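The values are calculated or read from the model by the stated rules, or taken from the named source; none is laboratory data. Please read these numbers as outputs of a predicted model, since none were measured by experiment. Don't worry about glycine lacking a Cβ; one is built from the backbone with ideal geometry, like all the others, and counts go over all protein chains shown.
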Amino acid sequence: MRSVRWICLFVVMLGCVWGLFADTGIEAQPAEIALPAPGREGWEPLTFRKIPQHTRYTPVSIDEREAVRAESRCSASALVHRLEKIDLEQTPLLQWEWKVERGFEIRDHRVKAGDDFVARVYVLFEFEPSGASTWERLRRRAASAVFGVELPGNAINYVWTSREPTGATWENPYTERSKMISRGDGPLGVWRREQVDVLADHRALLGEPPRLVAVALMSDSDGSCQEATAYFANFRFTSRSGSP
């Protein structure tokens, strides 16, 4: 799907200047860090220049939750929340809830034509030049010269899938720096509570992680031109000892 190609470059196009090389000192933090309710203050829209149809995100109060409703109609766009000084050694677990009211089927999520997801949550990390190829460094240097900022690096996508089993992993078909982890699917209309170990997942798929800079959510169907409705709520980072 086109929307994931060079996702970090699209973030820059939004004007989200995150100051990736500003103060990187990590301070002690609580065992749980709750993010603002999705769709509210602190969440920024992420649209893609070559995709005219945007997913519609509407803040709602539903089922005793402050959530955001994502309505994708042959469309793609995201909501991004930048993070400051999240120490994954202290709070490595990311938790959230999501519910799909209307889904769709994809035959193969591992190819470009199938890179559409009813719901996805992904995390973005700071770019580390030492681990990048010469081409990657040159590409990013050119983008930095054009946009005046440094780009984030690796990404891990946690995706609601129609065929992949829970826990399945694969490389994003557009870039080796974005890894996919299936959370499976589920019955429609039912809230599912997710918990993932971001630190462990990055170590397993991409090595020791650099600084975490953002979390995002998206419902996208522009490649297959299908329709979906999903809800997202209750994002938080927690310690392993504080998790249920």
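Tabulated data for the structure shown
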quantity	calculated
Candidate set from segment 197-244 (those that are of a type in the set (Val, Ile, Thr) and touching a Lys or Arg at 6+ places or on another chain (Cβ under 8 Å)); member that is modelled with the lowest pLDDT	Val213
Unmet criterion (only one of (1) buried (at least 16 other Cβ atoms within 10 Å of the Cβ); (2) part of a loop (DSSP other than H, G, I, E, B); (3) over 15 Å from the mean Cα position of the chain (by Cα)) for Thr175	(3)
Residue that is farthest from Gly42 (Cα to Cα) [pool: residues in segment 178-199 that are among the charged types (D, E, K, R) and touching a residue at least 40 places away in the same chain (Cβ under 8 Å)]	Asp185
Looking only at segment 169-183, and only at residues there that are touching a Gly at 6+ places or on another chain (Cβ under 9 Å) and modelled with pLDDT under 95, the one that is nearest to His109 (Cα to Cα)	Pro173
Every pair of residues 6+ apart whose Cβ atoms lie under 6 Å, when the first sits in segment 200-211 and is at negative phi and in a helix (DSSP H, G or I) while the second is among the hydrophobic types (A, V, I, L, M, F, W, C) and crowded, with 19+ Cβ neighbours inside 10 Å	Asp201/Ile156
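Every residue, every condition in (1) assigned to a loop (DSSP other than H, G, I, E, B); (2) at pLDDT 95 or above; (3) under 19 Å from Asn154 (Cα atoms), yes or no:
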position	(1), (2), (3)
Cys8	no, no, yes
Val17	yes, no, yes
Phe21	yes, no, yes
Glu66	no, yes, no
Ser72	no, yes, no
Lys85	yes, no, yes
